[in-house]
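Undergrad: Before I ask anything, here is the structure I am working with.
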Amino acid sequence: VQLQAFGGGLVQAGGSLKLSCAASGLPLSRYGMAWFRQAPGKEREFVAGITWSGGSTYYTDSVKDRFTISRDNAKSTVYLQMTSLKPGDTAVYYCAADRYGLGTPTTTNYDFWGQGTEVTVSS
């Protein structure tokens, strides 16, 4: 099982990035998916999640109306579109697969984690 996150980079404040998470070795359509992030010196936090069907999504308050999570089960890929980026969004972003299909912030539900992709937002 492998989750590969990519798409990070350096962007100026106010800019946009789209992260992708490609899954192999598991039936992604059965899993809820989420993006977490960890900034230097801080704990990992939930950013956004999506149910197995894509019917429901969840966001932490700080990214609502700026970030959008989506998925394409046919391509076994989950996306995080990030707009209006702020320096506070700087972190390593991880995708994770939730065996219960829910995509909620409950970290213990997540069996598989990607390696992370780094996002740096300059002011």
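Undergrad: Does the stretch 74-87 include one or more residues that are more than 14 Å from G8 (Cβ to Cβ) and part of a strand (DSSP E or B)?
TA: Yes, because at least one residue in the stretch 74-87 is more than 14 Å from G8 (Cβ to Cβ) and part of a strand (DSSP E or B).
Undergrad: Let me ask something additional. Residues that are assigned to a helix (DSSP H, G or I), among the acidic types (D, E), at pLDDT 95 or above and open to solvent by 70 Å² or more (accessible area, probe 1.4 Å): does the stretch 107-119 have at least one?
TA: No; the residues of the stretch 107-119 include none that is assigned to a helix (DSSP H, G or I), among the acidic types (D, E), at pLDDT 95 or above and open to solvent by 70 Å² or more (accessible area, probe 1.4 Å).
Undergrad: Can you spot a residue in the stretch 65-78 that is closer than 18 Å to G116 by Cβ and open to solvent by 30 Å² or more (accessible area, probe 1.4 Å)?
TA: There is no residue in the stretch 65-78 that is closer than 18 Å to G116 by Cβ and open to solvent by 30 Å² or more (accessible area, probe 1.4 Å).
Undergrad: Being buried (at least 16 other Cβ atoms within 10 Å of the Cβ) and in a loop (DSSP other than H, G, I, E, B) is the filter here; which residues of the stretch 8-42 pass it?
TA: G8, L26, Y31
Undergrad: Pick from the stretch 81-106 the residues that are aromatic (F, W, Y) and within 15 Å of E45 (Cα to Cα): which of them is surrounded by the most Cβ atoms within 10 Å (Cβ to Cβ)? Give the derivation first.
TA: Going residue by residue through the stretch 81-106, those that are aromatic (F, W, Y) are 93-94, 100.
Narrowing the set further to residues that are within 15 Å of E45 (Cα to Cα) leaves 93-94.
On the way: Y93: 24, Y94: 22.
If we take residues in the stretch 81-106 being aromatic (F, W, Y) and within 15 Å of E45 (Cα to Cα), then Y93 is surrounded by the most Cβ atoms within 10 Å (Cβ to Cβ).
Undergrad: Moving on. I'd like the full set of residues that are assigned to a strand (DSSP E or B) and touching a helix residue (DSSP H, G or I) at 6+ places or on another chain (Cβ under 8 Å), limited to the stretch 43-73.
TA: From the stretch 43-73, those assigned to a strand (DSSP E or B) are 45-50, 57-59, 67-72; that's our starting set.
Listed by number, the residues that qualify are F46, V47, A48, R71.
Undergrad: Against the condition over 15 Å from the mean Cα position of the chain (by Cα), open to solvent by less than 50 Å² (accessible area, probe 1.4 Å) and more than 19 Å from V121 (Cβ to Cβ), how does L3 come out, does it pass?
TA: no
Undergrad: Quick one: what pairs do we get from the stretch 75-86, first residue at positive phi, second open to solvent by less than 40 Å² (accessible area, probe 1.4 Å) and among the basic types (K, R), C-beta under 9 Å, 6+ apart or different chains?
TA: Final answer for the pair search is S84/R66.
The values are calculated or read from the model by the stated rules, or taken from the named source; none is laboratory data. Just so it is clear, the model here is predicted, and its values are computed rather than measured. Here Cβ is always computed from backbone atoms with ideal geometry, including for glycine, and neighbour counts include all displayed protein chains. Ligands, DNA and RNA are excluded from the accessible area calculation, which covers all protein heavy atoms including side chains. Shrake-Rupley method; radii C 1.70, N 1.55, O 1.52, S 1.80 Å.
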